[in-house]
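Peer 1: Can you read through this structure? Questions will come right after.
No lab work stands behind these numbers, since they all come straight from the coordinates. Note that this is a predicted model, so its numbers are computed, not measured. Because the Cβ atoms are built from the backbone with ideal geometry, glycine has one as well, and the counts that use them run over all protein chains shown.
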Amino acid sequence: MVPKGWALLTVGDIFDVQLGKMLNKAAKEKQPQLHYLGNSNVRWGEFELSELNSMYFSEREINKYKLEFNDILVCEGGEVGRCAIWERHNSQILYQKALHRLRVKGEVVPR
């Protein structure tokens, strides 16, 4: 039962959900190598950025996997659901397959 005045929605109704890029042999070898966030970089409510891995991303992949201000990253493994909100402007950071990116649609406040 939903309280009066509330709406029952799915995550997909209010967020664009995108799984990160899968690491593969070609991505480890091609250039340029760009930094990305993995599961180990996401903490509860914050990011650990002191050790970032890198791999190759094509121009199309950069556009697809580049984080934007207020994107939410959610861990798929380990502590499932561990998440943090990316609150940096003009960054060139990407993310890997162990993470799901939630980008708000409309007037939703990510927090």
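Peer 1: Amide H neighbours of E87 under 5 Å, at least 5 residues apart or on other chains, H built in the peptide plane: list them.
Peer 2: HN-HN under 5 Å from E87: N70.
Peer 1: Okay, next question. At a threshold of 8 angstrom on Cα-Cα distance, excluding pairs fewer than six apart, so keeping six or more, what relative contact order does region 14-104 reach in percent?
Peer 2: Relative contact order, region 14-104: 42 percent.
Peer 1: Taking the highest mean first, how do the peptides 36-48, 15-27 order by number of other beta carbon atoms within 10 angstrom per residue?
Peer 2: Top to bottom by mean Cβ count within 10 Å: 36-48, 15-27.
Peer 1: With unit charges on the beta carbons (Lys and Arg positive, Asp and Glu negative) and the dipole taken about the Cα centre of region 14-104, which residue among S54, G81, H100 sits farthest to the positive side?
Peer 2: S54
Peer 1: Rounded to the nearest 500, what is the chain's calculated 222 nm mean residue ellipticity when only DSSP H runs of at least 4 contribute -39500 (n - 2.57) each, over all residues?
Peer 2: Result for the chain, helices only: -3000 deg cm²/dmol.
Peer 1: Hey, which of these cross-link pairs are over 28 Å Cα-Cα: K28/K64; K66/K105; K28/K105; K30/K105; K30/K64?
Peer 2: K28/K105; K30/K105
Peer 1: Going by the alpha-carbon gyration tensor, a ≥ b ≥ c the square roots of its eigenvalues, is the chain rounded (a/c under 1.5) or, if a/c is not under 1.5, prolate (a/b greater than b/c) versus oblate?
Peer 2: prolate
Peer 1: Work out from phi, with θ = phi - 60° and the Karplus expression 6.51 cos²θ - 1.76 cosθ + 1.60, the ³J(HN,Hα) of each residue of region 6-11, listed in order in whole Hz, and give x for Gly and Pro.
Peer 2: Listing the rounded values in order: 8, 10, 8, 10, 9, 4 Hz.
Peer 1: Now for a different question. Sorted by average packing, counted as other Cβ atoms within 10 angstrom per residue and highest first, what order do 70-78, 87-95 take?
Peer 2: So the order, starting with the most tightly packed, is 70-78, 87-95.
Peer 1: List, in order, the whole-Hz ³J(HN,Hα) value for each residue of region 53-61 obtained from phi through the Karplus relation with A = 6.51, B = -1.76, C = 1.60 and θ = phi - 60°; use x for Gly and Pro.
Peer 2: 7, 9, 7, 7, 10, 6, 4, 4, 5
Peer 1: Additional query: Could you pull out every one of the aspartates and glutamates with an alpha carbon less than 19 Å from that of K4, ignoring same-chain neighbours closer than 8 positions?
Peer 2: none
Peer 1: Let me ask another. Got a sec to turn the phi values of region 12-22 into Karplus ³J(HN,Hα) couplings, 6.51 cos²θ - 1.76 cosθ + 1.60 with θ = phi - 60°, whole Hz, x for Gly and Pro?
Peer 2: x, 6, 10, 10, 8, 9, 9, 6, x, 6, 7
Peer 1: Next question. Grab the Cα-Cα distance for I62 and A7, subtract it from 0.36 nm times how many residues apart they are, and report the gain in nm with one decimal.
Peer 2: Fully extending the segment from I62 to A7 adds 16.3 nm.
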